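Q: First the structure, then my questions, so here it is.
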Amino acid sequence: SQPWPGPPPQPEILAPTPPRETWSSKYEFLLSCLGYCVGLGNIWRFPYLCYRNGGGIFLIPYFIMLLVTGLPLFLMELSLGQYGAAGPITVWKCCPLLKGVGVAMLIVSSLVSLYYNVIIAWAFYYLGSSFQSPLPWSCDAPWNADICKVVAVVVTWRGCVLQNTSGSTGRVSASEVFWNEQVLGVTHSSGLEDPGPVQWPLALCLLAAWILVFLCMLKGIRSSGKVVYFTATFPYLVILILIIRGATLEGSLNGVRFYLSSDWSRLQRAQVWSDAASQIFYSLGIGFGGLLSMASYNKFDNNVIRDTLVVTIGNCCTSFFAGFAIFSVLGHMAWRKQVPVGSVAASGPGLAFVAYPEALSLLPGSPFWSILFFLMLLTLGVDTLFGNIMGITTAILDEFPALRDWRRKTAVLGVLCISFYLLGLLLVTQGGIFWFTLIDTYSTGFGLIIVALFMCLGIAFCYGMNQFCQDIMDMICRCPPWCSHMLGYFKVCWAFFTPCLLLFTLIYTFLDMYGVPLRYGTYEYPAWGTSLGVCIGVLTCLQIPLWAAVALCRESGTLSDRFQKATQPLHSWRTATARDVTGDIIDVPFTITLTSSD
């Protein structure tokens with residue numbers, strides 16, 4: 001053999017990829033989860049769904065969904081992320097056949113992030129408008145004088161005569177007119193096909209919202225955990241003030257009675273159960289990938305069962321607590337208009353931006369409290385959106401570890417924020433509220449239920465129920481005995497009750513989908529608009545069979561052999577999960593290449 005031409009090759013160790021971050025303490029993770037879950041949905045979405053579904057009867061399917069689907073799926077997502085220490089796509093190395101579930105989570109999270117920041121933009125607009133006295137949506141404002149004095153105000157929209165935005169007779173509040181005319185400009189649009197020009201004040205607010213999100217994300221998880229010490233407590237103080245003030249208003253008890261009323265016939269409607277499931281997923285963040293991503297930065301021995309109970313129960317109690325603030329004010333609005341409580345405001349996401357501003361205008365020193373309230377909405381919204389964006393960025397960075405470098409990670413985040421902003425401009429046009437409602441309805445509807453269903457079935461029957469429970473036991477081995485005892489309840493839910501109830505809700509949703517047309521106020525969505533919304537949900541669902549087919553094609557043998565191989569964890573999953581109880585990775589190989597020097 002010929003001698004080596006030159007000096008012997010020197011081993012060159014490739015630069016390792018930047019390591020994943022970890023939470024500084026368990027309390028930062030717990031408070032970050034609370035900040036992620038206790039968000040805008042607790043303020044504007046839950047009371048709005050109660051209002052749309054007849055009041056307090058909605059609490060029955062809501063808490064049933066919490067016990068049978070919310071708690072089990074929340075624990076499943078936290079445990080999967082913490083044990084695998086990976087994002088929503090990479091974590092499915094435990095079962096490559098279900099990689100499409102992670103991709104579907106990414107799509108849902110992207111759709112929600114697209115329109116969720118529009119709500120933050122609305123809050124920015126109201127926050128800027130709050131630095132005035134009197135408030136522009138109050139009866140003391142000069143331009144509202146005629147509105148507040150007349151017995152009935154007629155608004156002409158698309159040639160139709162409406163007494164208020166819900167189509168009922170009676171007085172229109174100044175806050176409703178401000179919302180529809182000044183903020184949305186919806187009275188100048190005819191519907192989906194006529195979005196109209198961009199509302200540039202809202203566009204600037206949306207830009208400010210994305211800049212704020214970008215700056216918050218740049219600080220990383222170590223610094224963001226400090227912020228939630230404020231955002232987790234401040235909202236309760238403001239809501240408590242509103243409840244106390246609302247209780248002193250005339251007619252507030254009628255609103256509370258409506259909130260706690262019982263119309264048992266509503267339980268026969270699929271919309272009620274679909275909204276309950278959607279609100280559980282939306283409020284707890286199940287199926288979006290954010291929880292999974294945040295848990296992936298945990299230490300291995302973190303008590304996920306304790307965190308599940310604290311976050312889910314605290315979140316749902318907050319929703320119920322906030323409902324009293326909303327409905328006490330709705331009762332007063334109904335008393336002023338001399339109409340039933342159920343017809344005092346438009347049924348839509350603008351409920352909080354109609355009822356709450358009017359409540360604030362009734363408080364002494366209203367500009368001060370208005371600034372505090374909308375500042376609270378901003379902190380809640382940014383904190384929740386932070387979790388959604390974290391799910392997206394974590395998925396990307398885990399699939400491409402070389403991007404974990406600070407500069408590259410910043411570039412990825414910047415591209416995401418700019419893209420979402422440009423796409424979101426459609427939602428801040430004069431007809432943007434129609435597109436907002438369409439995406440809101442179908443992005444977190446049947447598609448999200450299917451994602452959760454396949455995640456539950458995949459872990460229970462593909463990855464293996466016993467193996468998954470053993471993984472949890474490995475993580476909570478140092479926890480109190482009651483934690484391990486609760487696994488029996490969760491095991492039964494994962495294997496039977498949770499998938500059955502999800503399947504029942506899904507079927508009921510499909511049956512009702514073609515019977516009740518989508519509406520915003522008096523506007524009924526055209527057939528092509530509804531079809532577009534269905535396509536949004538189908539796009540999410542298609543990722544599951546598509547990536548399952550890819551996984552099967554990568555294997556060899558018969559179809560049965562391929563299926564069996566595609567459900568087995570990859571070697572990189574076993575290596576990544578070979579961790580001790582301190583959360584450190586052990587036995588991780590690195591690459592060495594031989595090169596000859598010149």
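Q: Averaging sequence separations of C-alpha pairs under 8 Å and six or more residues apart, then dividing by the length of segment 273-415, give the relative contact order as a whole percent.
A: The normalised contact order for segment 273-415 reaches 30 percent.
Q: Between Tyr27 and Asp474, take the C-beta separation as r, use R0 = 22 Å, and let me know the FRET efficiency to the nearest 0.05.
A: That pair, Tyr27 with Asp474, gives E of 0.45.
Q: Still on this model: Could you give the accessible area per residue of segment 455-584, probe 1.4 Å, as a whole number in Å²?
A: 54
Q: From the phi angles alone, apply the Karplus equation (6.51, -1.76, 1.60; θ = phi - 60°) to segment 351-358 and give each ³J(HN,Hα) in whole Hz, x where the residue is Gly or Pro.
A: 4, 5, 8, 10, 5, 5, x, 5
Q: Would you mind calculating the gained length between Leu253 and Met486 on full extension (0.36 nm times residue separation, minus the Cα-Cα distance), in nm to one decimal?
A: So the extension gain works out to 79.9 nm.
Q: List the residues, sorted by chain then number, that are 5 or more residues from Tyr520 or on another chain and whose placed amide H is less than 5 Å from its amide H.
A: HN-HN under 5 Å from Tyr520: Tyr525.
Q: Sort 254-265, 173-184 by the packing proxy (mean of other Cβ within 10 Å over each peptide's residues), most packed first.
A: 173-184, 254-265
Q: Can you list the residues, at least 5 places off or on another chain, whose amide H is less than 5 Å from the amide H of Asp194, using H built in the peptide plane?
A: The list, which skips near neighbours in sequence, is empty: none.
Q: Still on this model: I need the peptides 60-73, 104-117 ranked by packing, meaning the mean over residues of other C-beta atoms within 10 angstrom, with the highest value on top.
A: The peptides rank, most packed first, as 104-117, 60-73.
Q: Amide H neighbours of Thr429 under 5 Å, counting only residues 5+ apart in sequence or on other chains, H built in-plane at 1.01 Å?
A: Gln199
Q: With a sphere of radius 14 Å drawn around the Cβ of Trp369, what net charge do the other residues whose Cβ falls strictly inside it have (Lys, Arg +1; Asp, Glu -1)?
A: 0
Q: Let me ask something additional. If you add up the charges near Gln543, with Lys and Arg at +1 and Asp and Glu at -1, over every other residue whose beta carbon is less than 15 angstrom from its beta carbon, what do you get?
A: 0
Q: Rounded to the nearest 10 Å², what accessible area does Met473 have for a 1.4 Å probe in the complete protein model?
A: Counting only protein heavy atoms, Met473 exposes about 70 Å² to solvent.
Q: Still on this structure, please answer the following. Local charge sum around Trp435 (other residues, Cβ-Cβ under 13 Å, Lys/Arg +1, Asp/Glu -1)?
A: -3
Q: When all protein chains stay in place, what accessible area (Å², nearest 10, 1.4 Å probe) is found for Lys99?
A: Only protein atoms counted, so the area is about 50 Å².
Q: At Leu542 and Arg306, where each label point lies 7 Å from the Cα along Cα→Cβ, what is the point-to-point distance in nanometres?
A: Distance between label points: 4.6 nm.
The values are calculated or read from the model by the stated rules, or taken from the named source; none is laboratory data. All figures in this text were calculated on a predicted structure; none of them were measured in a lab. FYI the Cβ positions are ideal-geometry reconstructions off the backbone, even for glycines, and counts take in every protein chain you see. These accessible areas exclude ligands, DNA and RNA; they are computed on the full protein's heavy atoms, side chains included. Shrake-Rupley method; radii C 1.70, N 1.55, O 1.52, S 1.80 Å.
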